[in-house]
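*Asks:* I am attaching a structure below and will ask some questions about it afterwards.
The values are calculated or read from the model by the stated rules, or taken from the named source; none is laboratory data. What you see is a predicted model; the values in this text were computed from it and never measured. Quick reminder, even Gly has a Cβ in these numbers, built from the backbone with ideal geometry, and neighbours come from all protein chains shown. Side chains included, ligands, DNA and RNA excluded: accessible areas come from the protein's heavy atoms. Shrake-Rupley method; radii C 1.70, N 1.55, O 1.52, S 1.80 Å.
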Amino acid sequence: MDYKSEYEKKLISPEEAARLVKDGMHIEIGGSANTALIIDKYLAKRKDELNHIEIGTFIDLAPYEFLKADPEQETFKWESCFLYEPVRKYSKEIGPCVHRPGVLSDAGMIAKELGKTIGKEDYLDIAFLVTTPMDKHGYFNFGVTCTFLKSIAEAAETVVLVVKEDMPWINGGYDECIHISEVDYIVEDREFPTPFLPFLPPPTKEDEMIAENIIEAGLIENGSTLQVGIGGLPNTVIKMLKEAGFKDLGIHTEMIGDGLMELIEEGIVTNSQKKLDKGKSVFSFALGTRKLYDFLDRNPKVATYPVEYTNHPFVIAQQPKMFTLNQIAQIDLMGQVNSEQIGLPSPTGKIYQVSGTGGQLDFVLGSFYSFDRKGKAVLATYSTYNGTSRIIPALPSGAAITVPRSIVQYVATEWGIAYLRGLPIYKRATALIQIAHPDHRDWLEEEARKLGILPPKYSIPLGKADGVIYRRD
(Lines give C-alpha, C1' and ligand atoms only; values in the text may rest on other atoms or scores of the structure.)
Protein backbone atom coordinates (compact mmCIF):
# COMPACT_ATOMS: atom_id res chain seq x y z
CA MET A 1 0.00 0.00 0.00
CA ASP A 2 1.13 3.55 -0.73
CA TYR A 3 1.34 4.91 2.81
CA LYS A 4 3.02 8.12 1.66
CA SER A 5 0.01 9.19 -0.39
CA GLU A 6 -2.33 8.38 2.50
CA TYR A 7 -0.06 10.46 4.73
CA GLU A 8 -0.29 13.42 2.35
CA LYS A 9 -4.09 13.18 2.23
CA LYS A 10 -4.34 13.35 6.01
CA LEU A 11 -1.73 16.10 6.51
CA ILE A 12 -3.12 19.42 7.77
CA SER A 13 -1.62 22.52 9.36
CA PRO A 14 -1.57 23.10 13.14
CA GLU A 15 -4.05 25.93 12.71
CA GLU A 16 -6.43 23.61 10.84
CA ALA A 17 -6.04 20.99 13.55
CA ALA A 18 -6.96 23.50 16.27
CA ARG A 19 -10.04 24.48 14.23
CA LEU A 20 -11.33 20.89 14.47
CA VAL A 21 -12.29 21.69 18.08
CA LYS A 22 -15.95 22.70 18.39
CA ASP A 23 -18.15 23.90 21.26
CA GLY A 24 -18.80 21.35 23.98
CA MET A 25 -16.00 18.98 22.98
CA HIS A 26 -13.79 16.93 25.27
CA ILE A 27 -10.24 16.69 23.93
CA GLU A 28 -6.94 15.20 25.12
CA ILE A 29 -3.58 16.78 24.26
CA GLY A 30 -1.32 14.15 25.82
CA GLY A 31 1.20 14.57 28.59
CA SER A 32 4.80 14.57 29.75
CA ALA A 33 7.22 14.95 26.81
CA ASN A 34 4.37 13.97 24.44
CA THR A 35 2.14 16.97 25.04
CA ALA A 36 0.80 18.54 21.84
CA LEU A 37 2.07 22.03 22.66
CA ILE A 38 1.55 23.27 19.13
CA ILE A 39 -2.16 22.50 19.45
CA ASP A 40 -2.21 24.24 22.82
CA LYS A 41 -0.72 27.33 21.15
CA TYR A 42 -3.29 27.63 18.39
CA LEU A 43 -6.24 26.50 20.51
CA ALA A 44 -5.52 29.25 23.05
CA LYS A 45 -5.97 31.83 20.29
CA ARG A 46 -9.57 30.62 19.83
CA LYS A 47 -10.56 31.31 23.43
CA ASP A 48 -13.14 33.98 22.58
CA GLU A 49 -14.83 31.98 19.82
CA LEU A 50 -15.36 28.72 21.71
CA ASN A 51 -17.58 27.56 24.58
CA HIS A 52 -17.01 24.84 27.20
CA ILE A 53 -14.02 22.90 25.93
CA GLU A 54 -12.79 20.17 28.27
CA ILE A 55 -9.02 19.61 27.94
CA GLY A 56 -7.33 16.57 29.44
CA THR A 57 -3.60 16.45 30.25
CA PHE A 58 -1.15 14.53 32.46
CA ILE A 59 2.37 15.10 33.84
CA ASP A 60 2.24 18.79 32.93
CA LEU A 61 5.70 19.94 31.84
CA ALA A 62 4.63 23.30 30.40
CA PRO A 63 2.59 26.33 31.52
CA TYR A 64 -0.12 25.88 28.90
CA GLU A 65 -1.12 28.73 26.64
CA PHE A 66 -4.81 27.87 27.10
CA LEU A 67 -4.39 28.43 30.86
CA LYS A 68 -2.65 31.74 30.30
CA ALA A 69 -5.43 32.82 27.93
CA ASP A 70 -8.20 31.63 30.24
CA PRO A 71 -7.04 31.42 33.88
CA GLU A 72 -10.64 31.58 35.14
CA GLN A 73 -11.62 28.61 32.94
CA GLU A 74 -14.49 30.43 31.30
CA THR A 75 -13.91 28.54 28.05
CA PHE A 76 -11.31 25.85 28.72
CA LYS A 77 -12.18 23.38 31.47
CA TRP A 78 -8.86 21.79 32.39
CA GLU A 79 -8.48 18.26 33.79
CA SER A 80 -5.08 16.85 34.74
CA CYS A 81 -4.26 13.32 35.92
CA PHE A 82 -0.94 14.45 37.40
CA LEU A 83 0.04 18.07 37.92
CA TYR A 84 3.66 19.15 37.67
CA GLU A 85 5.57 22.27 38.72
CA PRO A 86 4.78 24.52 35.67
CA VAL A 87 1.01 24.43 36.34
CA ARG A 88 0.88 24.35 40.13
CA LYS A 89 0.29 28.08 40.42
CA TYR A 90 -3.03 27.54 38.60
CA SER A 91 -4.14 24.65 40.82
CA LYS A 92 -3.17 26.67 43.89
CA GLU A 93 -5.53 29.46 42.84
CA ILE A 94 -8.30 27.34 41.31
CA GLY A 95 -8.38 24.44 43.77
CA PRO A 96 -8.49 20.64 43.40
CA CYS A 97 -11.37 20.77 40.89
CA VAL A 98 -8.77 20.60 38.10
CA HIS A 99 -7.55 17.13 39.13
CA ARG A 100 -8.69 13.77 37.78
CA PRO A 101 -7.86 11.26 40.55
CA GLY A 102 -6.82 7.72 39.78
CA VAL A 103 -3.97 5.24 39.84
CA LEU A 104 -1.77 5.25 36.75
CA SER A 105 -2.30 1.55 36.03
CA ASP A 106 -6.00 2.27 35.47
CA ALA A 107 -5.60 5.29 33.17
CA GLY A 108 -5.87 3.33 29.92
CA MET A 109 -8.92 1.44 31.09
CA ILE A 110 -10.57 4.68 32.12
CA ALA A 111 -9.90 6.15 28.68
CA LYS A 112 -11.48 3.17 26.94
CA GLU A 113 -14.34 2.45 29.33
CA LEU A 114 -15.45 5.71 30.93
CA GLY A 115 -17.70 6.78 28.06
CA LYS A 116 -19.56 3.46 28.06
CA THR A 117 -19.82 3.41 31.83
CA ILE A 118 -21.41 6.86 32.10
CA GLY A 119 -23.63 6.28 29.07
CA LYS A 120 -21.84 8.73 26.78
CA GLU A 121 -20.22 6.75 23.97
CA ASP A 122 -18.72 9.87 22.37
CA TYR A 123 -17.17 11.12 25.63
CA LEU A 124 -13.77 11.75 24.00
CA ASP A 125 -14.10 13.79 20.82
CA ILE A 126 -10.50 14.40 19.70
CA ALA A 127 -7.16 12.97 20.74
CA PHE A 128 -4.07 14.98 19.80
CA LEU A 129 -1.16 12.55 20.15
CA VAL A 130 2.55 13.24 19.69
CA THR A 131 4.53 10.61 17.77
CA THR A 132 7.64 9.92 15.73
CA PRO A 133 7.57 10.23 11.94
CA MET A 134 5.98 7.32 10.05
CA ASP A 135 8.06 4.28 9.11
CA LYS A 136 7.92 2.39 5.80
CA HIS A 137 5.20 0.10 7.17
CA GLY A 138 2.84 2.97 7.96
CA TYR A 139 3.47 2.97 11.72
CA PHE A 140 4.14 5.86 14.08
CA ASN A 141 5.77 5.30 17.48
CA PHE A 142 4.77 7.09 20.69
CA GLY A 143 8.44 7.49 21.56
CA VAL A 144 9.26 8.51 25.12
CA THR A 145 5.65 8.38 26.36
CA CYS A 146 3.83 5.12 25.77
CA THR A 147 1.72 5.31 28.98
CA PHE A 148 -1.94 5.12 27.81
CA LEU A 149 -1.76 7.04 24.52
CA LYS A 150 -2.93 4.07 22.43
CA SER A 151 -5.94 3.68 24.70
CA ILE A 152 -6.77 7.36 24.22
CA ALA A 153 -6.57 6.85 20.46
CA GLU A 154 -8.90 3.86 20.62
CA ALA A 155 -11.43 5.83 22.66
CA ALA A 156 -11.45 9.01 20.54
CA GLU A 157 -13.89 9.84 17.77
CA THR A 158 -11.11 11.67 15.92
CA VAL A 159 -7.37 10.97 16.15
CA VAL A 160 -4.85 13.67 15.20
CA LEU A 161 -1.16 12.81 15.27
CA VAL A 162 1.39 15.51 15.97
CA VAL A 163 4.64 14.33 14.37
CA LYS A 164 8.02 15.42 15.78
CA GLU A 165 11.22 14.75 13.86
CA ASP A 166 13.33 14.57 17.03
CA MET A 167 11.18 12.03 18.86
CA PRO A 168 13.12 8.76 19.42
CA TRP A 169 11.62 5.47 18.27
CA ILE A 170 11.47 3.12 21.26
CA ASN A 171 10.97 -0.63 20.97
CA GLY A 172 8.06 -1.95 22.96
CA GLY A 173 6.00 -4.87 24.14
CA TYR A 174 2.66 -3.67 22.77
CA ASP A 175 0.69 -0.48 22.14
CA GLU A 176 3.86 1.53 21.53
CA CYS A 177 2.79 2.22 17.93
CA ILE A 178 -0.23 3.39 15.97
CA HIS A 179 -0.90 2.72 12.26
CA ILE A 180 -1.85 5.37 9.75
CA SER A 181 -5.10 3.50 9.08
CA GLU A 182 -6.13 4.34 12.69
CA VAL A 183 -5.48 8.06 12.21
CA ASP A 184 -7.77 10.80 10.86
CA TYR A 185 -5.35 13.72 10.56
CA ILE A 186 -1.61 14.39 10.79
CA VAL A 187 0.17 17.57 11.87
CA GLU A 188 3.90 18.13 11.51
CA ASP A 189 5.26 20.08 14.47
CA ARG A 190 8.40 21.92 13.41
CA GLU A 191 8.08 24.52 16.16
CA PHE A 192 8.28 22.69 19.51
CA PRO A 193 11.13 20.23 20.09
CA THR A 194 10.52 17.20 22.29
CA PRO A 195 10.96 18.43 25.90
CA PHE A 196 14.05 17.21 27.72
CA LEU A 197 15.97 18.15 30.84
CA PRO A 198 19.08 20.26 30.11
CA PHE A 199 20.80 18.89 33.23
CA LEU A 200 20.12 16.82 36.32
CA PRO A 201 19.77 18.75 39.61
CA PRO A 202 22.50 18.03 42.18
CA PRO A 203 21.48 16.08 45.28
CA THR A 204 20.93 17.77 48.60
CA LYS A 205 22.60 16.71 51.84
CA GLU A 206 19.26 15.17 52.84
CA ASP A 207 19.17 13.14 49.59
CA GLU A 208 22.62 11.75 50.37
CA MET A 209 21.67 10.86 53.95
CA ILE A 210 18.48 9.06 52.92
CA ALA A 211 20.30 7.18 50.15
CA GLU A 212 23.00 6.11 52.62
CA ASN A 213 20.30 4.86 54.98
CA ILE A 214 18.70 2.77 52.24
CA ILE A 215 21.99 1.17 51.25
CA GLU A 216 23.13 0.61 54.84
CA ALA A 217 19.80 -1.03 55.72
CA GLY A 218 20.35 -3.58 52.94
CA LEU A 219 17.06 -2.86 51.16
CA ILE A 220 18.67 -3.45 47.75
CA GLU A 221 20.44 -6.72 46.93
CA ASN A 222 22.20 -8.24 43.95
CA GLY A 223 19.44 -9.28 41.56
CA SER A 224 16.92 -6.71 42.81
CA THR A 225 14.46 -5.22 40.33
CA LEU A 226 14.29 -1.44 40.57
CA GLN A 227 11.60 1.18 40.27
CA VAL A 228 12.86 4.67 41.00
CA GLY A 229 11.85 8.07 39.75
CA ILE A 230 13.84 11.14 38.88
CA GLY A 231 15.53 13.70 41.12
CA GLY A 232 18.27 14.09 43.66
CA LEU A 233 17.32 11.16 45.89
CA PRO A 234 16.90 8.40 43.28
CA ASN A 235 19.98 9.61 41.43
CA THR A 236 21.99 9.46 44.65
CA VAL A 237 20.79 5.92 45.36
CA ILE A 238 21.82 4.93 41.82
CA LYS A 239 25.24 6.50 42.29
CA MET A 240 25.76 4.53 45.49
CA LEU A 241 24.69 1.32 43.77
CA LYS A 242 27.49 1.87 41.26
CA GLU A 243 30.04 2.62 43.98
CA ALA A 244 29.03 -0.41 46.09
CA GLY A 245 29.50 -2.90 43.27
CA PHE A 246 25.97 -4.25 42.95
CA LYS A 247 25.33 -6.60 40.03
CA ASP A 248 22.61 -8.30 37.99
CA LEU A 249 19.99 -5.66 38.80
CA GLY A 250 16.79 -5.39 36.80
CA ILE A 251 14.54 -2.51 35.82
CA HIS A 252 10.74 -2.55 35.86
CA THR A 253 9.55 1.01 36.34
CA GLU A 254 6.96 3.48 35.16
CA MET A 255 9.58 6.11 34.35
CA ILE A 256 13.17 5.78 33.23
CA GLY A 257 15.71 8.57 33.67
CA ASP A 258 19.42 9.18 33.16
CA GLY A 259 20.44 7.39 36.35
CA LEU A 260 18.93 4.07 35.30
CA MET A 261 20.45 4.55 31.84
CA GLU A 262 23.89 4.72 33.46
CA LEU A 263 23.27 1.44 35.29
CA ILE A 264 22.42 -0.22 31.97
CA GLU A 265 25.41 1.28 30.20
CA GLU A 266 27.82 0.13 32.91
CA GLY A 267 26.48 -3.43 32.98
CA ILE A 268 25.13 -3.19 36.54
CA VAL A 269 21.63 -3.73 35.16
CA THR A 270 21.44 -6.99 33.20
CA ASN A 271 17.80 -8.00 33.82
CA SER A 272 19.10 -11.56 33.94
CA GLN A 273 17.15 -12.48 37.09
CA LYS A 274 13.75 -11.27 35.91
CA LYS A 275 11.00 -13.78 35.22
CA LEU A 276 9.11 -11.39 32.95
CA ASP A 277 10.83 -9.47 30.13
CA LYS A 278 14.13 -11.19 30.82
CA GLY A 279 17.03 -9.18 29.45
CA LYS A 280 14.90 -6.05 28.97
CA SER A 281 14.65 -2.85 30.99
CA VAL A 282 10.94 -2.10 31.05
CA PHE A 283 9.31 1.30 31.48
CA SER A 284 6.28 3.27 30.33
CA PHE A 285 7.70 6.75 29.83
CA ALA A 286 11.06 8.48 29.82
CA LEU A 287 12.07 11.89 31.07
CA GLY A 288 15.63 13.12 31.15
CA THR A 289 18.39 14.61 29.07
CA ARG A 290 18.73 14.37 25.32
CA LYS A 291 21.44 11.80 25.92
CA LEU A 292 18.82 9.54 27.49
CA TYR A 293 16.51 9.88 24.48
CA ASP A 294 19.33 9.07 22.09
CA PHE A 295 20.26 6.03 24.20
CA LEU A 296 16.69 4.70 24.09
CA ASP A 297 16.27 5.19 20.35
CA ARG A 298 15.72 1.68 18.83
CA ASN A 299 17.75 0.15 21.68
CA PRO A 300 17.06 -3.62 21.92
CA LYS A 301 17.96 -3.60 25.64
CA VAL A 302 14.79 -1.67 26.54
CA ALA A 303 11.07 -2.12 26.06
CA THR A 304 8.30 0.38 26.61
CA TYR A 305 4.80 -0.78 27.58
CA PRO A 306 1.49 0.84 28.43
CA VAL A 307 0.87 1.56 32.11
CA GLU A 308 -1.74 -1.17 32.35
CA TYR A 309 1.26 -3.54 32.18
CA THR A 310 4.17 -1.68 33.79
CA ASN A 311 2.06 -0.47 36.71
CA HIS A 312 -0.23 -3.44 37.25
CA PRO A 313 0.39 -4.67 40.80
CA PHE A 314 0.09 -8.30 39.64
CA VAL A 315 2.90 -7.77 37.11
CA ILE A 316 5.04 -5.86 39.61
CA ALA A 317 4.53 -8.60 42.20
CA GLN A 318 6.20 -11.12 39.88
CA GLN A 319 9.49 -9.23 39.68
CA PRO A 320 12.32 -10.70 41.78
CA LYS A 321 13.34 -8.76 44.90
CA MET A 322 11.27 -5.78 43.79
CA PHE A 323 12.58 -2.51 45.23
CA THR A 324 10.51 0.62 44.76
CA LEU A 325 11.40 4.15 45.85
CA ASN A 326 8.86 6.97 45.89
CA GLN A 327 8.87 10.33 47.64
CA ILE A 328 6.03 11.59 49.78
CA ALA A 329 4.91 14.94 51.16
CA GLN A 330 3.57 13.94 54.59
CA ILE A 331 3.04 10.93 56.80
CA ASP A 332 1.13 10.92 60.05
CA LEU A 333 1.96 8.89 63.14
CA MET A 334 -0.56 6.20 62.17
CA GLY A 335 1.19 5.66 58.84
CA GLN A 336 -1.21 7.47 56.50
CA VAL A 337 0.68 8.88 53.51
CA ASN A 338 -0.11 12.05 51.56
CA SER A 339 1.97 12.57 48.43
CA GLU A 340 -0.17 14.85 46.33
CA GLN A 341 -2.50 17.35 48.00
CA ILE A 342 -1.99 20.03 50.63
CA GLY A 343 -4.99 20.26 52.90
CA LEU A 344 -6.35 23.12 54.96
CA PRO A 345 -5.17 25.62 55.80
CA SER A 346 -3.34 26.23 52.53
CA PRO A 347 -1.95 29.59 51.32
CA THR A 348 -5.13 30.46 49.41
CA GLY A 349 -7.64 28.89 51.76
CA LYS A 350 -8.35 26.22 49.14
CA ILE A 351 -7.17 22.64 49.00
CA TYR A 352 -4.01 22.65 46.90
CA GLN A 353 -3.49 19.82 44.42
CA VAL A 354 0.26 19.49 43.92
CA SER A 355 0.60 16.37 41.79
CA GLY A 356 -1.40 13.12 41.76
CA THR A 357 -1.36 9.51 42.89
CA GLY A 358 0.46 8.52 39.70
CA GLY A 359 2.02 5.09 40.02
CA GLN A 360 3.00 5.32 43.68
CA LEU A 361 0.14 3.19 44.98
CA ASP A 362 0.57 0.71 42.11
CA PHE A 363 4.17 -0.02 43.03
CA VAL A 364 3.52 -0.08 46.77
CA LEU A 365 0.80 -2.68 46.18
CA GLY A 366 2.95 -4.69 43.78
CA SER A 367 5.81 -4.85 46.28
CA PHE A 368 3.43 -5.57 49.16
CA TYR A 369 2.09 -8.64 47.36
CA SER A 370 5.40 -9.77 45.84
CA PHE A 371 5.37 -13.44 44.90
CA ASP A 372 8.83 -14.08 46.38
CA ARG A 373 7.95 -12.15 49.58
CA LYS A 374 11.05 -10.01 49.03
CA GLY A 375 9.37 -6.87 47.69
CA LYS A 376 10.35 -3.65 49.44
CA ALA A 377 8.42 -0.40 48.92
CA VAL A 378 10.25 2.59 50.37
CA LEU A 379 8.39 5.86 50.89
CA ALA A 380 10.93 8.61 51.48
CA THR A 381 10.63 12.15 52.76
CA TYR A 382 12.84 14.88 54.13
CA SER A 383 12.07 15.11 57.84
CA THR A 384 11.29 18.83 57.60
CA TYR A 385 9.99 21.42 55.14
CA ASN A 386 10.55 25.12 55.87
CA GLY A 387 11.21 24.24 59.48
CA THR A 388 8.05 22.17 60.02
CA SER A 389 7.94 18.41 60.44
CA ARG A 390 6.79 16.26 57.53
CA ILE A 391 6.01 13.55 60.03
CA ILE A 392 2.89 14.90 61.72
CA PRO A 393 0.47 13.67 64.38
CA ALA A 394 -2.49 13.35 62.00
CA LEU A 395 -3.13 14.41 58.42
CA PRO A 396 -5.03 17.72 58.25
CA SER A 397 -8.49 18.16 56.76
CA GLY A 398 -8.32 18.18 52.99
CA ALA A 399 -5.08 16.19 52.74
CA ALA A 400 -5.26 13.24 50.38
CA ILE A 401 -4.41 9.72 51.50
CA THR A 402 -2.26 8.50 48.64
CA VAL A 403 -1.15 5.29 50.36
CA PRO A 404 -3.32 3.88 53.16
CA ARG A 405 -1.62 2.94 56.40
CA SER A 406 -2.61 -0.71 55.97
CA ILE A 407 -0.08 -1.32 53.17
CA VAL A 408 2.79 0.99 54.09
CA GLN A 409 6.06 -0.93 54.47
CA TYR A 410 9.27 1.14 54.73
CA VAL A 411 9.47 4.86 55.54
CA ALA A 412 12.81 6.62 55.09
CA THR A 413 14.08 10.01 56.29
CA GLU A 414 17.58 11.41 56.82
CA TRP A 415 17.41 10.06 60.36
CA GLY A 416 16.58 6.45 59.69
CA ILE A 417 14.24 3.86 58.25
CA ALA A 418 11.12 2.45 59.87
CA TYR A 419 9.21 -0.69 58.89
CA LEU A 420 5.53 -0.24 59.75
CA ARG A 421 3.87 -3.33 58.29
CA GLY A 422 2.14 -5.35 61.00
CA LEU A 423 2.84 -2.91 63.84
CA PRO A 424 0.08 -1.57 66.09
CA ILE A 425 -0.58 2.15 66.06
CA TYR A 426 1.54 2.97 69.12
CA LYS A 427 4.57 1.13 67.76
CA ARG A 428 4.16 2.79 64.34
CA ALA A 429 4.11 6.17 66.04
CA THR A 430 7.14 5.33 68.16
CA ALA A 431 9.15 4.20 65.13
CA LEU A 432 8.22 7.30 63.13
CA ILE A 433 9.07 9.62 66.03
CA GLN A 434 12.51 8.04 66.21
CA ILE A 435 13.21 8.83 62.53
CA ALA A 436 11.71 12.33 62.70
CA HIS A 437 13.98 15.36 63.00
CA PRO A 438 15.39 15.52 66.54
CA ASP A 439 13.96 19.03 67.00
CA HIS A 440 10.41 17.72 66.54
CA ARG A 441 10.44 14.44 68.46
CA ASP A 442 9.29 15.82 71.82
CA TRP A 443 6.43 17.71 70.13
CA LEU A 444 5.36 14.62 68.22
CA GLU A 445 5.37 12.53 71.39
CA GLU A 446 3.31 15.12 73.26
CA GLU A 447 0.74 15.38 70.45
CA ALA A 448 0.60 11.59 70.10
CA ARG A 449 -0.35 11.29 73.76
CA LYS A 450 -3.07 13.94 73.42
CA LEU A 451 -4.61 12.07 70.49
CA GLY A 452 -4.42 8.65 72.13
CA ILE A 453 -1.93 7.42 69.53
CA LEU A 454 0.44 6.55 72.40
CA PRO A 455 -0.89 4.84 75.57
CA PRO A 456 -1.01 7.16 78.62
CA LYS A 457 1.83 5.53 80.57
CA TYR A 458 3.86 4.21 77.66
CA SER A 459 7.53 5.24 77.48
CA ILE A 460 9.34 5.47 74.16
CA PRO A 461 12.45 3.24 74.29
CA LEU A 462 15.83 4.93 74.49
CA GLY A 463 17.29 2.43 72.05
CA LYS A 464 15.88 1.46 68.66
CA ALA A 465 12.14 0.92 68.88
CA ASP A 466 10.34 -1.99 67.25
CA GLY A 467 10.16 -1.30 63.54
CA VAL A 468 13.23 0.93 63.35
CA ILE A 469 15.60 -1.01 61.13
CA TYR A 470 18.19 1.75 60.75
CA ARG A 471 18.75 4.89 62.81
CA ARG A 472 21.24 7.71 63.03
CA ASP A 473 21.41 10.59 65.50
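*Asks:* Quick one: length gained pulling Ala62 to Asn222 fully straight, 0.36 nm per residue minus the C-alpha distance? Write down the numbers at each step before the final one.
*Replies:* Values: separation 160, 0.36 × 160 = 57.60 nm, distance 3.86 nm.
My answer for the length gained is 53.7 nm.
*Asks:* Note down the nm distance, to one decimal, between modelled labels 7 Å out along Cα→Cβ at Thr388 and at Glu265.
*Replies:* With each label point 7 Å from Cα toward Cβ, the separation is 4.1 nm.
*Asks:* Dipole of the chain, Cα-centred, from +1 at each Lys and Arg C-beta and -1 at each Asp and Glu C-beta, to the nearest 20 debye?
*Replies:* Around 1680 debye, computed over the chain.
*Asks:* If you don't mind, there's one more thing I want to ask. Using 18 Å as the cut-off for backbone N distance, which residues of the range 121-141 belong to the label zone defined by a point 7 Å from the Cα of Leu114 along Cα→Cβ?
*Replies:* 121-130
*Asks:* Need the list of lysines near Lys350 for cross-linking: C-alpha distance under 24 angstrom, and skip anything on the same chain fewer than eight residues off.
*Replies:* Output for Lys350: Lys68, Lys77, Lys89, Lys92.
*Asks:* Let me ask something additional. Using only the alpha-carbon atoms, what does the range 361-444 span along each of its principal axes? Please give whole angstrom values in decreasing order.
*Replies:* Rounded to whole Å, the extents work out to 40, 27, 23 Å.
*Asks:* Enter the accessible area of Lys89 (Å², nearest 10), with the probe set to 1.4 Å and all protein chains included.
*Replies:* The accessible area of Lys89 comes to roughly 130 Å².
*Asks:* Could you give me D for the range 200-305, from Stokes-Einstein at 37 °C and 0.692 mPa s, where the hydrodynamic radius is the Kirkwood radius over C-alpha pairs? Units µm² s⁻¹, please.
*Replies:* Numbers: Rh = 13.8 Å.
Estimated diffusion coefficient is 237 µm²/s.
*Asks:* Ok, one more. What full-extension length gain, to one decimal in nm, is calculated for Glu15 and Lys77 as 0.36 nm per residue of separation minus the Cα-Cα distance?
*Replies:* The Glu15-Lys77 span can extend by a further 20.3 nm.
*Asks:* Follow-up. Accessible area per residue of the chain at 1.4 Å probe, in Å²? Intermediate results must be reported in sequence, preceding the final value.
*Replies:* Numbers: 18990 Å² over 473 residues.
About 40 Å² of surface per residue is accessible.
*Asks:* If each of Glu121 and Asp442 carries a label point 7 Å out from its Cα toward its Cβ, how far apart are those two points in nm?
*Replies:* Label-label distance for Glu121 and Asp442, simple model: 7.0 nm.
*Asks:* Another question, if that's okay. Express the carbon and sulfur contribution to the solvent-accessible surface of the chain as a percent, rounded to the nearest whole number, probe 1.4 angstrom.
*Replies:* C and S fraction of accessible area: 52 percent.
*Asks:* Note down the Stokes-Einstein diffusion coefficient of the chain in µm²/s, whole number, using a Kirkwood radius over alpha carbon pairs, 20 °C, and 1.002 mPa s.
*Replies:* 92
*Asks:* Asp2 versus Lys301, label points 7 Å from Cα toward the beta carbon: distance in nm?
*Replies:* Going by the 7 Å Cα→Cβ label model, 4.3 nm.
*Asks:* To the nearest 10 Å², what's Lys374's accessible area with a 1.4 Å probe?
*Replies:* Its accessible surface works out to 90 Å², give or take rounding.
*Asks:* Turning to a different aspect of this structure: Once you treat every alpha carbon in the range 82-135 as an equal point and sum by Debye, what is log10 I(q)/I(0) at q = 0.22, 0.31, 0.32 Å⁻¹?
*Replies:* Ignoring solvent entirely, the Cα scatterers give -1.03, -1.11, -1.14.
*Asks:* Let me ask something else. Find how much the distance from Lys45 to Ser459 grows on full extension, using 0.36 nm per residue of separation minus their present alpha carbon separation; answer in nm with one decimal.
*Replies:* The span from Lys45 to Ser459 would gain 142.6 nm if fully extended.
*Asks:* Same structure, new question: Can you spot the lysines whose alpha carbon is less than 26 Å from Lys4's alpha carbon? Ignore those fewer than 8 places along the same chain.
*Replies:* Partners within reach: Lys136, Lys150, Lys164.
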